[in-house]
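Below: one structure, written as C-alpha cells.
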Amino acid sequence: MAKYVSLFKYTGAIEGGGPERFAKAQQIVAAEKCEILTVYGLLGAYDLMSVVECPDNRAAMKIAAKIGNLIGAKTETMPAVDRDDFLQLLTEL
C-alpha cells in the first residue's frame, strides 16, 4: 500500500483530545482499510503529523478530512515514498 503524510494544524481548542479521540481516529482509518504507522506531536507551523498506509489517494483524502473534522484541524496530506525507493528513483535520473 502507498504511504501518506498528513500535517494537522489545530484551528480551535484541543481540550477533550487524548486516548478517546485517538481511538475514534483509529476507527476512521480502519474503516477505509488504512493503517496508522506513526503519529508525532510537533512544534512549529503544524501541531501534529501522521504517516499512514492506504490503498489509494481517495482513502487517504477521506481519512485526512474526517480526522481533521474530528480534531478541529486544517490538514495537508501528501504521498510519500520510502528512502530506498526514493534513492532508487534518483539513480534513474
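Those residues that are crowded, with 20+ Cβ neighbours inside 10 Å and part of a helix (DSSP H, G or I), I need them from the range 67-76; list them, please. Matches in the range 67-76: I67, I71. Of everything in the range 26-63 that is small (G, A, S) and either surrounded by fewer than 18 Cβ atoms within 10 Å (Cβ to Cβ) or touching a residue at least 60 places away in the same chain (Cβ under 8 Å) (or both), the residue that is farthest from V5 (Cα to Cα) is A31.
Check the range 81-93 and report whether any residue there is without any contact (Cβ under 8 Å) to a residue 60 or more places away in the chain and touching a helix residue (DSSP H, G or I) at 6+ places or on another chain (Cβ under 9 Å). So far as the range 81-93 goes, no, none of its residues is without any contact (Cβ under 8 Å) to a residue 60 or more places away in the chain and touching a helix residue (DSSP H, G or I) at 6+ places or on another chain (Cβ under 9 Å).
Bear in mind these aren't lab numbers, they're just calculated from the coordinates by the rules spelled out. All figures in this text were calculated on a predicted structure; none of them were measured in a lab. Counting neighbours? That spans all protein chains shown, and the Cβs are built from the backbone with ideal geometry, glycine included.
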